[in-house]
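Everything below concerns the one structure shown next.
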Amino acid sequence: THLTDAISRDLTKSARVSANAISNEVANLQLSLHYLAGTVAQILNASGRLPQGKVYTPESFKDPATAPPDLAMSWRYTRITDGGVLMPSAVSTGHPVVVLPPNRPSALWPQARRLQNLTPVFRDIYNLNNGLAYRIYVGFENGLHVSFPGHGNYAPEFDPRQRPWFVDTLKRGKLTWLSHTDSATQNVVFTVGVPIRNGERQVIGVGAIDFLPNEFMKMDQLKAQWSQDTLAFLVSPAIHPSDKTQSLQIIAAGMPPGKDQTDTTERAVRYLEIGDDARQLAF
């Protein structure tokens, strides 16, 4: 009984510390995103000479001769090959990638080159926020897309205007949180997006930051403290649709060992069920 009580107190403390850490990181991510959106607007409204550095497109990443010099394989950006093998992806943490719409690449090239001035901002956001940022990117109404770290593996039909982060953020017209599947790696990610507005306050695109649920929930720290079998849940109070009772909707869950991190078949709304009714009510 004493051991159970001690462990319960430690678990409660861990949950509170994790919740406070998540709250702080949420605030930092949102601040970084507003900074990104404001900087994009300033860069596009600026006049003057265009940056002369090299612009990397998805095609650039297919050939070592044209790829960024710092391109390296990273196990943080795992993907499933056509043969079902888990492999690292190549990323550049020094240069973004630019995706031009196929119908008007030459017309948008000056804008794509001007957006290279975003590179220091991308790097700052990526290196800050406790290394939480997975991808930082912007997409525009004209189909232009810039993402950091730079990477390839874009589908030929990729269009930022059709991605959930773009559609949902424009629909709400304000800072928006969601989860979706990263198009390059097929990993499920959390995303925070915000509209980008020009000098006339017209929406011209969306800026967004992706992060991995397990990193966001500090699963490595929890496993090191307790057990490799530890599971953590990020939950929110909600009315269960089946019996209309107060329940806990699962927003995200840490994966158990061996669980396929790219599995997206369990993305339906789930609720945390506790066998003891009194404990369920206490939560």
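Can you give the log10 of the normalised intensity I(q)/I(0) at q = 0.11, 0.15 Å⁻¹, computed with Debye over equal Cα scatterers of segment 1-77?
Per q value, in the given order, log10 I(q)/I(0) is -0.67, -0.88.
Return the carbon/sulfur percentage of the accessible area of the chain, one whole number, probe 1.4 Å, all protein chains in place. It would help to have the intermediate numbers written out before the result.
Numbers: 8190 of 15410 Å².
Roughly 53 percent, rounded to a whole number.
About the Cα centre of the chain, what is the dipole size in debye to 20, counting +1 per Lys and Arg Cβ and -1 per Asp and Glu Cβ, all else neutral? Don't skip to the answer; put the middle values down first.
Numbers: 27 positive and 25 negative charges, 198 e Å.
The dipole of the chain has a size of about 960 debye.
Counting only GluC sites (Glu not before Pro) that sit in a DSSP loop (anything but H, G, I, E, B) with at most 15 other Cβ atoms within 10 Å, what is the longest stretch of the chain containing none of them?
On the way: sites that count: Glu141, Glu157, Glu200, Glu266, Glu273.
Formally, the longest exposed-site-free interval is 1-140.
Which order do Thr12, Thr181, Thr169 take when ranked by solvent-accessible area (1.4 Å probe, heavy atoms of all protein chains), largest first? Can you show the working numbers first?
Working: Thr12 60, Thr181 25, Thr169 0 Å².
Largest to smallest exposure gives the sequence Thr12, Thr181, Thr169.
Excluding ligands, DNA and RNA, what is the solvent-accessible area per residue of the chain at a probe of 1.4 Å, expressed in Å²?
Values: 15410 Å² over 283 residues.
Each residue of the chain exposes 54 Å² on average to a 1.4 Å probe.
On average, how much area does the Cα convex hull of the chain cover when viewed from any direction, in nm²? Working shown, then result.
On the way: hull surface 70.9 nm².
Over all viewing directions, the chain projects a mean Cα-hull area of 17.7 nm².
If you look for lysine pairs in the chain that are eight or more places apart or on different chains, how many of them have Cα atoms under 21 Å apart? Walk me through the numbers before you get to the answer.
On the way: Lys13/Lys218; Lys13/Lys223; Lys54/Lys62; Lys218/Lys259; Lys223/Lys259.
Lysine pairs, 8 or more places apart or on different chains, close enough: 5.
Rounded, prolate or oblate: which fits segment 71-138, taking a ≥ b ≥ c as square roots of the Cα gyration tensor eigenvalues, rounded meaning a/c under 1.5, else prolate when a/b beats b/c? Write out the running numbers ahead of the final one.
Values: a/c = 2.92, a/b = 1.29, b/c = 2.26.
It is oblate, given that a/c is not under 1.5 and a/b is not larger than b/c.
Helix-derived [θ] at 222 nm for the chain: sum -39500 (n - 2.57) over DSSP H runs of at least 4, divide by residue count, nearest 500?
Working: 7 runs with 85 residues, N = 283.
Using -39500 (n - 2.57) per qualifying helix, the result is -9500 deg cm²/dmol.
How big is D, in µm² s⁻¹, for segment 119-248 by Stokes-Einstein at 10 °C and 1.306 mPa s if Rh is the Kirkwood radius over C-alpha pairs? Don't jump to the answer; show the numbers that get you there.
On the way: Rh = 16.7 Å.
Roughly 95 µm²/s, to the nearest whole number.
Can you sort Arg79, Arg135 by 1.4 Å-probe accessible area, starting with the largest? Please list the in-between numbers first.
Working: Arg79 70, Arg135 10 Å².
The residues order as Arg79, Arg135, largest area first.
Report, to two decimal places, the Cα Rg of segment 81-177 normalised by 2.2 N^0.38 Å (N = number of residues). Walk me through the numbers before you get to the answer.
On the way: Rg = 14.6 Å, N = 97, 2.2 N^0.38 = 12.5 Å.
The reported ratio for this selection is 1.16.
Using square roots of five times the C-alpha gyration tensor eigenvalues, list the equivalent-ellipsoid semi-axes of segment 1-158 in whole Å, biggest first. Don't skip to the answer; put the middle values down first.
Numbers: eigenvalues 275, 96, 33 Å².
They are 37, 22, 13 Å, listed from largest to smallest.
Between the alpha-carbon centers of segment 194-216 and segment 112-182, tell me the distance in whole angstrom.
Each part reduced to its Cα centre gives a spacing of 7 Å.
The values are calculated or read from the model by the stated rules, or taken from the named source; none is laboratory data. Treat the numbers as computed from the prediction; the structure is a model and nothing was measured. Here the Cβ is made from the backbone with ideal geometry for all residues, glycine too, and neighbour counts use every protein chain on show. To get the accessible areas, we keep the full protein, side chains included, count just its heavy atoms, and leave off ligands, DNA and RNA. Shrake-Rupley method; radii C 1.70, N 1.55, O 1.52, S 1.80 Å.
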